[in-house]
Structures are given as structure tokens and as C-alpha cells.
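Below: one structure, written as C-alpha cells.
The values are calculated or read from the model by the stated rules, or taken from the named source; none is laboratory data. The model shown is predicted, which means the values in this text are computed figures rather than measured ones. Positions of Cβ are generated from backbone atoms using ideal geometry, with glycine treated the same way; all protein chains shown enter the neighbour counts.
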Amino acid sequence: MDYIDYIAMPPVRRFGYRIDRGLRSLPRRLGGTLAKAGAGFVRLGRGIRAGVREYVGTFRQGDARTRLSYVLMGAGSLFRGQVVKGLLYLFLQAAFLVYMVTFGLTQLSLLPTLGTAVRKEVWNEELQIFEYIQGDNSMLILLFGVMTILIVLAMIRVYLANIRTAFRNQQAKAHGAALPTIVQDVLNLFDKNLHATFLFLPIMGILTFTILPLIFMILIAFTNYDISHQPPASLFTWVGFENFRDIFWDNPAKSRTFVGIFQWTLVWAFFATFSNYILGMILALMINKKGIRFKKFWRTVFVVTIAVPQFVSLLLVSRLLAEQGAMNVLLGYLGIGPVPFLTNGLFARVMVILVNIWVGIPYTMLITSGILMNIPVELYESARIDGAGVTKTFTRITLPYMLFVTTPYLITQFVGNINNFNVIYLLTAGGPLTLDYYQGGRTDLLVTWLYKLTVNQQEYNLASAIGIIIFLITATFSLLVFNLSSSTRKEETFQ
Amino acid sequence: MKRINWRSSLSNTVIYLILGVMAILWLLPIAWLVMISFRAEPGAWTPYILPKTLTLDNYIRLFSETQLFNYPRWFLNTLFVALMTCAISTILVLMTSYTLSRLRFRSRKGLLNVGLILGMFPGFMAMIAVYYILKAMGLSQTLIALILVYSGGAGLGYYIAKGFFDTIPRSLDEAAIVDGANQNTIFWEIILPLSKPIVIYTILVSFMAPWVDFIFVSIIMKDNYNNYTIALGLYQMLTRENIYRYFTQFCAGAVLIAIPITILYIIMQKFYVEGVTGGAVKG
């Protein structure tokens, strides 16, 4: 279709056309994303090859000082007048070597087995007590092993930078150019290399408190670190994909629990997302309707409820809905017997969705208000002329428009609900418990199950495996977001 | 014409009715919270709704009976952690998002992708490992550990602020460079003063995190009651052994911290909406 045809369409049809086009091109776009991911790996491989080529090539072309910096870091700077820089490199190399010899190498060598020496009890004749001889601690070996690997990788980067500096210095000297002094280098850190300065601390923080623990936990999923293999009393070791096999096939109790909880997670995410979305939008429409007064008052009333911290409001609601809670007292006045709001599986599932509406609608109201105002008025006018009523206008214009504009937000919400720990944990703690499930309850999501397995049961291996599965689910949906949001942007330019 | 007027005023009345009922439903639990906080009879459950006697005792006991549950101390703990976290992570978030948004360097794309992937793992999956890392540093069960954990991952929260920095025109930087400014001064003296809404938003968000989190605190503090924060402390009051005695005090304590947070929230709702919709709709 040509642009001129598109422009000639009435606005409603133009809009329908855009949605249709967006959805139809979705498979192709997803394919494109996969291809892009593949291309990324190819690029990575090429990058490594180019790096190796540079490493070898530089050695061939390098003079004595450049070559010396292959074994003695900083030589290329130190012997060309950049004393401070050279010494810094040298110091780093020394520190690294000391670390590796005294600590790192041992940890790395223990990594394949995660330790072999079990803690022993020995009877001490003199003191008449049992004494413990400390064995290996698998947990610490794994943790320090991962840490050492990260340090080695960082060091490789520094090492390559050192060679590059040496070669650049050599070339500069060959052309008769002056080498940057230490003052210039420092000044550059606030100008040309500002990114290095600004990102140093954040990246260190993320490395220590996100990446290191994450790699550690991912690796735990391939070990047997559970309640009967707790260091320091006993060792744990690598078991390959056994935990995943347990979850999917081998262990009926675990796989039944996983399938049940997984289904409920998706059902919950679906209902929690769309109930909030649609009802929140209707609330926003009502408050923003022409002729409704005290708009600010209404908005504030609903904002107050989300401003109260969730652990207060949700814990409170869980007490309200308890067997002898205020809600049942109230129903008792009306002669209705105690309702098992949170103690019956089905009731509890419905209740968490309802309470989630209570928690979530104000958010949607806040967010959609602005977008609702932006819906082209002509859409509504042409609908009114065609004789559409309120319901029809909502289902045919408002909803499709909003769905189209806010798809990325919606999918983000969906992913957020898959991982919605607070609402479930504070309200029911995953209960009511059931014997059908392995350490889980009827309202447990994958994340709350993960939490319970970690904190209460110390089944770290199973919990980590679930964490990886959650990641895969989240990643799939997030991939969708990026495809759809890029689609919106493209369609927007078409307009 | 008259018919339309009649119809619209009817529909407005219906809407007022619905809004009114909803407002009551939404405020009811909060009203209940306030009411219980003044109730004299102990216990989580009473066979009646309205308290028999009202009292200020729950508020007073919160500050006087501090042997087991030291509310004032928890409050100061939380305030301390919140202020430190706020200072550290605001700076980290702003620096990261500025760098990723406006500076061009080789590994920028790669870093953005890594940030994206890291955000997809469930946040507390790694908390046990975090605990042992802190223990290895000799910091477990301390407030410093808490500050480190809250602000350590701050660099990953760049998304919303980056969206904001993206919208500031590039010509400003270019003009400043012509005038001889370096990149560092551009950030502090030109871009930051222009970014007040996002700075305020970042400050408020990072300030509020320690007040509402109880998961990481419970992992890090274990049984060190003295270093609890408000959230975890209040959570402890509702365990099976404590709930009968402390339920009314829990409500009083909750009211006390809900007030400042609510005020902060109402102030920042504008920035919140701008931040979230800006990021979400633009994609």
C-alpha cells in the first residue's frame, strides 16, 4: 500500500491497519532478533580472533621495550618516560601474581572437585572432647573460584591494555610525537575518558553484588548443594543437569509441583496484569470524564493506598481476611459462616487476584491517565456519529488504542507479575500448603517457591535451577517487548 | 438537547456513586489500621469490629518498651541506611545513566545489553551468595552491609534516568565544548541543573527503598534485632509468638512510618508517572 492510500483511509481504519501490520510482521521480527543474537556470537568470535591477531602482530612489529611489556607489564611506559603509569602497571602485575600464588591458584585447582577433604571428628584424649579438623568448604571454594576467574578476566583486559599502550607509545615515538604525561592522562579521565571514571564505581558494585553472586548461584544449580550437603560439615559436588532432570522428569513430587506452580504463575500473571490494566483504565476514564468534579481529590484517595508500604497494607489485609479476621466478623453479623478466604486453595487464588486489584489499580490509573488524554478526539467523534455507545466506544476505540500504545508497558507488567513476590508472600505466604506439592502451596509462584526453598529448606540447588528457569521465561517475554516496541516506533514514523 | 443533558447528568451520578464506593473500599483497610492502632485490647482478632476502648498506649509503648522491639532504634537505623543509600546510589545511578545516554565509547552497546540481561534474573536469587560475600568481608549483620547491598547494584537502575537524559538536545554539549568546557563540567554544570525532575525522582526512589524492603534485611541481619530496620522489625511483630501481644503496636508503628512515606509519594507521583510512561511508551 502506498503512503497516499494510507493517508486517504479514515482514522479508525488507518489505526486498524497499523495494528494488523504490526502483528503480522511479528514472526519475521522475532526471527530477526534471533538472527541478531546469532550475529552477536559471530561478532564475539571475530573479536577474539582479531584480538589474538593483534596480540601476535604487535609482538612481531614491536621493539625491545614493547616486547618486554609482554612479560613485564608497564615496561613500554616505564622505559619511555611515563614513570607513574609504568609503575602502576607493574604494581598491578605484582599484586596479581601474589594473589594467584598465595590464594587464587589453590581455589582454581579445587574448583573441578569442589573439595575432597571432609571435616573429621577426632577424639582428644587430653581434653576428653571431640575436636574438629576442618576439611574443605565447597561453598567457599566455589565462591572464591568464581571470584578468581573474574579477577583473571579483568587482569587479561589490563594486560592487553598494557600491550596496546606500549605499542602506541612506540609508534608515537617513531613519528616524533610526545607521549601523554600523567597529568594529561588524569585530565583525560575527566574529558575524553570520562566514561571510565563514571562507570568505575558502578561496575565494581555490580560485579561484587550482582554478577559474582549470580554466577555463583547459576553454578549452584549444577551441584547437589542441598540440606544434606551443607558445608562446612559435608561437601557438595558437581552433578550436571540432575536438578533440571528432577524438576522436569525424574522426581515425580518435584515435577508435579513445578508444573502446578508454573501453570498457576502464568494464570496469575495473566489475570493480575489484565484485571489491573482494564479496571485501572476504566477508573482513569471515570475520573477524567468531562463534568466529573474534584478530580484531584479522587486521584489522591487512590494514590494514598499505594503510598502505604506494601508490607504494611498487605500484611494488614491478610489479617483482615484471616479465619477469625474482621471480614469474617463482619460476615458473621450478617449470619454468614466464616469464609475460608485464604485457607481454601481456590478461594485463596481468587483472593490474591482481587487484593492485587486493590493494590494495582491506582498505579494503572496514574500511568494511563496521561495517555488516555492523547487519544485523537476525531476517533471518538466519528464513532459518536456512527452511533456507538459508551461500551462500544471503549471496546472498539479506547481499548485497542491503549493496547497498541502501551503494549511494552503491558508486557513489562506481565513479567513483573510473574516475579511478583510481595503480593503473594505477604498475603498468603504461598499457602494454603498442600501435600501434593513439594514444599509449596496453592498460591505459590515460582519466585516464592524459590524463596522458600532457599530460606526455609536450604535446597539451594533446586532453588537455583528454578531461578534459571524463571530467567528463561522472563527473557522470552522481554524479547517480545523489544520487538513490539521497535515495531511501535517504526509504525509511528509511517504516520 | 435536553435529553442529552439529562442523560449525561445521570451517567455522572452513576460515576460519582461508583467512585464513592470504590474510594470507601480502598480506604477501608487503612482506616482500620488507624483504628486498631488506638485500640486498648490486645490481640490480632476480636469477635467485634469497633474497639471497646481507645488509647494512645500503643504509640507510647512503641517508644518506651524497647527491650525486645526497639522501635526508635530501628527508626534511626533505617534513617541512617536510607540517607547513606540515597547519597551513594543517586550519584551512581546518575553517573551511569548519563554515561550510557550521552557519552560514546567502544563498549557502550555491550554494557547496555549486559544490564538488560542482568535485570531479568529474579533479584533475590543470589541473596544467599551476597550474604556469604558480606561475611567474607567481615560485614555480616551490620548496617554498612545493608548500605552496600542497597547501593551496590545501583548502576543497574539506569533505565528511567537514561530515558530522561536522552531527551536533552545534544547541541547544548556542543555549544559548551566550543566554550571550552570538558565532559566533566558539562555533566555537573549544564546537564544536571537541567535535570531536576529526574534527580529528585532518583533521590526519592533510593531513599524509600530501605523503608519498604524486608527481604534483604532478613537475610543479612538474621537474629541481630538491634540492627533491624523498621520494615523487618514490624514484620517480626506479626510472627505467631508475638502477634497477640504486639498486633496493636504493629499498627501504631505502621501508621507512624506510613505518614512520611505517603507524603513523599504524593510529592513524587508526578515524577513517577513521567519516568515510567516516558520509558514504557517510548520503549
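What the table below lists for this structure:
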item: Some residue of the range A:64-81 being loosely packed, with under 12 Cβ neighbours inside 10 Å, part of a helix (DSSP H, G or I) and at pLDDT below 90; result: yes
item: The range A:309-335 residues that are within 7 Å of another protein chain (Cβ to nearest Cβ) and without any contact (Cβ under 8 Å) to a residue 12 or more places away in the chain, paired with ones that are aromatic (Phe, Trp, Tyr) and in a helix (DSSP H, G or I) (beta carbon under 8 Å, 6 or more apart); result: A:Pro309/B:Trp211; A:Leu316/B:Trp32; A:Arg319/B:Phe247; A:Leu320/B:Trp32; A:Ala326/B:Trp32
item: Helices (runs of 4 or more DSSP H) contained entirely in the range A:194-296, each with at least 2 residues that are under 24 Å from the mean Cα position of the chain (by Cα), β-branched (Val, Ile, Thr) and within 14 Å of chain B (Cβ to nearest Cβ); result: A:194-206, A:212-220, A:252-288
item: Residue within the range A:84-101 that is under 30 Å from A:Gln184 (Cβ atoms), touching a residue at least 40 places away in the same chain (Cβ under 8 Å) and over 40 Å from the mean Cα position of the chain (by Cα) present; result: yes
item: Subset of the range B:99-112 (residues that are in a helix (DSSP H, G or I) and either touching a residue at least 40 places away in the same chain (Cβ under 8 Å) or more than 8 Å from chain A (Cβ to nearest Cβ) (or both)); result: B:Leu100, B:Ser101, B:Arg102, B:Lys109, B:Gly110, B:Leu112
item: Sole residue being without any contact (Cβ under 8 Å) to a residue 24 or more places away in the chain and either more than 7 Å from chain A (Cβ to nearest Cβ) or farther than 30 Å from A:Phe297 by Cβ (or both), chosen from B:Trp32, B:Trp26, B:Trp45; result: B:Trp45
item: The range B:170-216: number of residues that are touching a Phe, Trp or Tyr at 6+ places or on another chain (Cβ under 9 Å) and not in a helix (DSSP H, G or I); result: 4
item: Pair list, Cβ under 9 Å, 6 or more apart: the range A:32-58 residue at pLDDT 85 or above, other residue aliphatic (A, V, I, L, M); result: A:Gly51/A:Leu160; A:Glu54/A:Leu160; A:Glu54/A:Ile163; A:Tyr55/A:Leu160; A:Tyr55/A:Ile163; A:Thr58/A:Ile163; A:Thr58/A:Ala166
item: Matching residues, the range B:54-69, being modelled with pLDDT of 85 or more and farther than 17 Å from B:Ala254 by Cα; result: B:Leu54
item: Residues within the range A:347-376 that are of a type outside the set (S, T, N, Q) and either more than 21 Å from A:Phe270 (Cα to Cα) or free of Cβ contacts under 8 Å to residues at least 40 places away in the same chain (or both), tallied; result: 9
